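Read the structure below first, then the notes.
The values are calculated or read from the model by the stated rules, or taken from the named source; none is laboratory data. This one's a predicted model, so the numbers in the text were calculated from it and none came from an experiment. Heads up, the Cβs are rebuilt from the backbone with ideal geometry, glycines too, and the neighbour counts pull from every protein chain shown. These accessible areas exclude ligands, DNA and RNA; they are computed on the full protein's heavy atoms, side chains included. Shrake-Rupley method; radii C 1.70, N 1.55, O 1.52, S 1.80 Å.
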Amino acid sequence: MDADPNDALDVDVLIVGAGLSGIGAASHIRRRCPQHSVAIVEARDRLGGTWDLFRYPGVRSDSDMHTLSYAFRPWTGERSIASGPEILQYLQDTAREEGVAPLIRYGHAVREARWTSEDALWTVGIERSDGSLQLRCRFLLLCTGYYDYQGGYTPEFAGLDAFAGRVVHPQHWPDDFDAIGKQVVVIGSGATAVTLVPALATQASHVTLLQRSPTYMAVRPSVDASANWLRRRLGPRLSHGLNRWRNLLFTMYVYRTCMRKPQRAKAFLVGMVRQQLGPGYDVTRHFTPRYKPWEQRLCLVPDGDLFRRIREGRVSMVTDEIDHFTRNGIDLKSGAHLSADIVITATGLKLKPLGALRLVVDGRAIDPSQLVYYKGVMFGGVPNLATVVGYVNASWTLKADLASVFVCRLLNHMRSRGYVQCTPRVDEHADAAQPSWGALSSGYLQRAHAQLPKQGRDKPWQLNQNYLADWVQLRWAKLADGVMQFSSSQARV
Ligand SMILES: Cc1cc2nc3c(=O)[nH]c(=O)nc-3n(C[C@H](O)[C@H](O)[C@H](O)COP(=O)(O)OP(=O)(O)OC[C@H]3O[C@@H](n4cnc5c(N)ncnc54)[C@H](O)[C@@H]3O)c2cc1C
């Protein structure tokens, strides 16, 4: 008689990563699959992932919190654009209230996962400060985020070594940072630069935002008065559902309008900036991108904070290219010079697929760049493994919640029918041709294209980047769709 595979089982579901996605996934599993045991392994010593790591002044969401919070746990803060510490507190409270906190094993960095079809188990190799260990699980859920925690992306800058001032990357914010009375240059044009600059302007003598090219900006209030009104009238739970649906439909409408009527969207967005800065300001040079809206992410300017600081003269925009650093600043290609005591390189993240762990399926090493997403949650040819990756054009959590619900449906389906293995079988529609982020042309995505999993041309191999399509596909569509192959311990397909 064969050995019972459960003899070797440490846990039914092993989640890698205790950030927003991992805490959410564990909560969903505890609510929907109470018969499954679950554990989370986390490389760091704290939960929260992104919202614990990033500690620069002013760090905040650029999504509204009604969609960045979980569907199952209302956001009750007054501000709908929340600070990093408020989001971290929300994650800590969720982990405690949902009974997830005791399931987290900190300081456990997953390096490898080996699947064997013979016993339908993943054997997961983990590194700890005191040595290594292995855990076995039936289902592996990667909630590892999308970027390298070791360091951000900094381009090669000529002469950087000659600069006598301080250089800081926002991913490693120093505790002793002090901008009081200093001249600060922030290099970058993305969400981090746009968040940092108005926050630093309250301390520094002057802040310059140095960008190579402009980004689209959208002004929105940080307090959503109608959402708060609804919460006071209907209570947190009902109002959360309504606010969440209203905001996600609005975001989808904006995205669709930008795709379908780019010139109209461009005129609207640039007009909004013009209104903020007045007729004398060179909006064309600093705030009119060459690309169409939503070919790169829009940047949120809550309450117009950046524009207020520009009007006050505390912040200047410079659109130019760096030629080289000098001892006291930066020489630009135009010939101008920027004096700086501190330079902040808000130049982005280094993307890192699947937590950089080595996947082996039945002795065959898997190259992440050759993987094709199945329903944006699993991968063709890889059994009992899912990953939680959010949207590029809407709040991360909207997709994270749906992906977790899909995994719960799958787990319950398998348990009720005695299946031990589920594998999306690769077919001719799963050609790994397309990048996974669709129409976005952002530099950080282009740089990582060669390493990242891809999407196919047709369903179910496409990433929808669309909540309604995913809501149908992940929440309601049949699990046995002809692509997903299930097998029991007696007869594996
Ligand atoms: C500054 C900043 C602001 C952002 N703002 C928004 C926003 O407003 N709206 C939005 O939708 N998105 C935003 N994002 C994207 C953001 O990352 C997601 O919203 C969300 O926090 C991702 O959660 P996650 O749990 O999937 O990943 P992460 O937060 O990255 O957490 C992943 C966790 O997995 C752990 N891990 C990784 N690999 C391993 C391994 N091999 N072994 C063990 N543990 C591992 C990490 O240590 C980490 O704790 C922002 C990102 C940044 C950097």
Filter result (in contact with a strand residue (DSSP E or B) (Cβ under 9 Å, 6 or more places away or on another chain) and either more than 15 Å from the ligand (Cβ to nearest atom) or open to solvent by 10 Å² or more (accessible area, probe 1.4 Å) (or both)) within the stretch 120-134
Ala120, Leu121, Thr123, Gly125, Glu127, Arg128, Ser132, Leu133, Gln134
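Strands (runs of 3 or more DSSP E) wholly in the stretch 303-407 with at least 1 residues that are of a type in the set (Lys, Arg), in the same structural domain as Ile15 (by TED's automatic domain parsing) and open to solvent by 40 Å² or more (accessible area, probe 1.4 Å) - which ones?
358-361, 364-366
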Cβ pairs under 9 Å, 6+ apart, first in the stretch 133-160 and without any contact (Cβ under 8 Å) to a residue 40 or more places away in the chain, second more than 13 Å from the ligand (Cβ to nearest atom) and open to solvent by 30 Å² or more (accessible area, probe 1.4 Å)
Gln134/Asp10; Gln134/Thr123
Determine whether Asp2 is among the acidic types (Asp, Glu), assigned to a loop (DSSP other than H, G, I, E, B), modelled with pLDDT of 95 or more and more than 26 Å from Val407 (Cβ to Cβ).
no
Inside the stretch 14-44, the number of residues satisfying the requirement of being part of a loop (DSSP other than H, G, I, E, B), more than 9 Å from the ligand (Cβ to nearest atom) and under 19 Å from Asp93 (Cβ atoms) is 0
Quick count over the stretch 379-424, residues being away from the ligand (no atom under 16 Å from the Cβ) and either of a type outside the set (Val, Ile, Thr) or in contact with a helix residue (DSSP H, G or I) (Cβ under 8 Å, 6 or more places away or on another chain) (or both), is 21
Criterion: over 23 Å from Trp229 (Cβ atoms), β-branched (Val, Ile, Thr) and outside any loop (DSSP other than H, G, I, E, B) - qualifying residue of Thr94, Thr67
Thr94
Failed item, numbered, when Trp294 is tested on (1) open to solvent by 20 Å² or more (accessible area, probe 1.4 Å); (2) within 29 Å of Glu312 (Cβ to Cβ):
(2)
Among (1) surrounded by fewer than 17 Cβ atoms within 10 Å (Cβ to Cβ); (2) under 27 Å from the mean Cα position of the chain (by Cα); (3) more than 16 Å from the ligand (Cβ to nearest atom) - the single one Leu210 does not satisfy
(1)
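Each row is one residue, and each column tells you yes or no for (1) open to solvent by 30 Å² or more (accessible area, probe 1.4 Å); (2) within 15 Å of Leu298 (Cβ to Cβ); (3) in contact with a Pro (Cβ under 6 Å, 6 or more places away or on another chain).
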{"position": "Val219", "(1), (2), (3)": "yes, yes, no"}
{"position": "Asp224", "(1), (2), (3)": "no, no, no"}
{"position": "Ala227", "(1), (2), (3)": "no, no, no"}
{"position": "Arg233", "(1), (2), (3)": "yes, no, no"}
{"position": "Arg246", "(1), (2), (3)": "yes, no, no"}
{"position": "Phe250", "(1), (2), (3)": "yes, yes, no"}
{"position": "Val254", "(1), (2), (3)": "yes, yes, no"}
{"position": "Cys258", "(1), (2), (3)": "no, yes, yes"}
{"position": "Ala265", "(1), (2), (3)": "no, yes, yes"}
Being open to solvent by 10 Å² or more (accessible area, probe 1.4 Å), at pLDDT below 95 and hydrophobic (A, V, I, L, M, F, W, C) narrows it down to one residue among Trp471, Trp437; which is it?
Trp437
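Determine whether Asp93 is modelled with pLDDT under 95 and open to solvent by 20 Å² or more (accessible area, probe 1.4 Å).
Working: modelled with pLDDT under 95: no; open to solvent by 20 Å² or more (accessible area, probe 1.4 Å): yes.
Against the criterion (modelled with pLDDT under 95 and open to solvent by 20 Å² or more (accessible area, probe 1.4 Å)), Asp93 does not qualify.
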Yes/no for Ser61 being farther than 30 Å from Asp176 by Cα, hydroxyl-bearing (Ser, Thr, Tyr) and near the ligand (Cβ under 8 Å from one of its atoms)
no
Filtered residue count, the stretch 98-111, keeping only those that are farther than 14 Å from Gly17 by Cα and within 16 Å of the ligand (Cβ to nearest atom):
1
